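Heads up, the thing below is written out as structure tokens.
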Amino acid sequence: MKVIISGGGTGGHVYPGIAIADVLKQKNAENQILFVGAGGKMEMSQVPAAGYPIVGLPIRGINRKLKYIWKNLALPIWVLISLWKVKRIIKDFKPNVVIGTGGYAGFPTIYMAARMHIPIVLQEQNAYAGVANRLLAKYAHKICVAYEGMDAYFPSNKVVLTGNPVRAFLTDKADNYLPSLQYFGLEPGIITVLVLGGSLGAQAISESIIKAAHIFEKHTIQVILSTGNAYFSTIQQADFPAFNKNFKILPYIERMDLAFAAANIVVSRAGAISIAEIASAQKPAIFIPSPNVTADHQMKNVLPLVTKNAAILIKDNEVPDKLVPAILELAKDKQRQRMLVENLSSCFKTHAAESIASLIEDLV
């Protein structure tokens, strides 16, 4: 079976595709998989790192900021060029099925696959359906979702509740606690807080954590902070106080399996895949939805969890005042940590990638 997987722009659209690809290869090593993404975006490095080939298209997303709205004038040209290029890709590769994981990066591929009468499966990660998937839904044979009630956005006869696929190495329950601490240069027996700003970074979160370094040291808490590449260079140039050996700042974490193994508590944006990975890792979490996303969909992702006592919510504008106190309070409350883990785990389906892979096999 030949499969094209298309989507990207952020980790939330890239990593589900990798998780699905991994299962398809496990099921049959003869399966051939090709990724198609947006040139210059993170998928162009992350997909090859996972062992799969990828082709980049000159596609761009819609710029929603008023002062940059003029940049959208060239968008139709990029779309047409991408459609022409992806038509050649499909003709050469001859896929049996095309999988769309959302984001503008996948739009040309899914649209052209529909025009060429190739079966299509969409995977929607969020509680609020993305623009690309809503536009492409009419062409899909099946639409795999992670939240109930998604028939509000898609035809109910196409919707399948599978959950969000998580990369295989994050579901490995091997005891990596001590190796993980050694990897990050941290000490055993100390509360470890993993802070993630999303695949593209979050400056406000990083700044609040860095400014509180002395507070964490006072409370014997060690920190792993992933800033994102853009903000990491700013930190290097800034005049921050010296950090103790138990405060690790990284632009990007390659070994997320070890990061989760080391962590007692996770602070994260509320992207759907981030939530699913934290649930799979069985960690108590504080979620800070990004305000810079379409239709405030990260808030929609996390609110159902808060009502079920499965997560702690801090709004982005509350970060400077509330984030550090919330971390300190949760670090002291073992009972609440256990409750959050149990409730979060119960909110999500397991083996989502396997379910989607089986659906794809049945479709072909």
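The values are calculated or read from the model by the stated rules, or taken from the named source; none is laboratory data. Quick caveat: nothing in here was measured; it's all calculated off a predicted structure. So basically every Cβ, Gly included, is an ideal-geometry build from the backbone, and we count neighbours across all protein chains shown.
Cβ separations smaller than 8 Å between residues 6+ apart or across chains give the following pairs from the stretch 323-336 residues that are modelled with pLDDT of 95 or more to residues that are small (Gly, Ala, Ser): 323/208; 324/208; 324/212.
Inclusion of residue 270 among residues that are in contact with a strand residue (DSSP E or B) (Cβ under 8 Å, 6 or more places away or on another chain) and closer than 27 Å to residue 20 by Cβ is warranted. Comparison of 141, 117 shows that the only residue that is modelled with pLDDT of 95 or more, of a type outside the set (Ser, Thr, Tyr), at positive phi and assigned by TED's automatic domain parsing to the domain that holds residue 42 is 117. Condition (residue is under 15 Å from the mean Cα position of the chain (by Cα), modelled with pLDDT of 90 or more, surrounded by 14 or more Cβ atoms within 10 Å (Cβ to Cβ) and within 15 Å of residue 192 (Cα to Cα)) applied to the stretch 300-315: is it met by at least one residue? So far as the stretch 300-315 goes, no, none of its residues is under 15 Å from the mean Cα position of the chain (by Cα), modelled with pLDDT of 90 or more, surrounded by 14 or more Cβ atoms within 10 Å (Cβ to Cβ) and within 15 Å of residue 192 (Cα to Cα).
The set of residues in the stretch 273-319 that are closer than 19 Å to residue 338 by Cα, aliphatic (A, V, I, L, M) and part of a helix (DSSP H, G or I) comprises 275, 276, 278, 279, 281, 302, 305, 306. Residue count for the stretch 263-277, restricted to those that are of a type in the set (A, V, I, L, M) and either more than 17 Å from residue 331 (Cα to Cα) or free of Cβ contacts under 8 Å to residues at least 24 places away in the same chain (or both): 5.
Scanning the stretch 12-53 for residues that are farther than 17 Å from residue 96 by Cα and touching a Pro at 6+ places or on another chain (Cβ under 7 Å) yields a total of 3.
Checked against (1) more than 19 Å from residue 123 (Cα to Cα); (2) under 19 Å from the mean Cα position of the chain (by Cα), residue 277 meets all criteria but (1).
Look through 224, 209, 215 and report the one residue that is in a helix (DSSP H, G or I) and either free of Cβ contacts under 8 Å to residues at least 24 places away in the same chain or in contact with a helix residue (DSSP H, G or I) (Cβ under 7 Å, 6 or more places away or on another chain) (or both).
On the way: 224 fails: in a helix (DSSP H, G or I); 209 fails: either free of Cβ contacts under 8 Å to residues at least 24 places away in the same chain or in contact with a helix residue (DSSP H, G or I) (Cβ under 7 Å, 6 or more places away or on another chain) (or both).
Matching residue, one of 224, 209, 215: 215.
Restricting attention to the stretch 51-71, the residues that are farther than 18 Å from residue 111 by Cα and modelled with pLDDT under 95 total 9. Of the residues making up the stretch 1-23, those that are assigned to a helix (DSSP H, G or I) and crowded, with 24+ Cβ neighbours inside 10 Å are 12, 13, 14, 15, 16, 17, 18, 19, 20, 21. Of the set (1) more than 16 Å from residue 278 (Cβ to Cβ); (2) out of contact with any Pro (no Cβ under 6 Å at 6 or more places or on another chain); (3) surrounded by 19 or more Cβ atoms within 10 Å (Cβ to Cβ); (4) hydrophobic (A, V, I, L, M, F, W, C), all apply to residue 348 but (1). Taking the stretch 24-64 as the range and being touching a Leu at 6+ places or on another chain (Cβ under 9 Å), among the polar types (S, T, N, Q) and surrounded by 17 or more Cβ atoms within 10 Å (Cβ to Cβ) as the test, only 31 passes.
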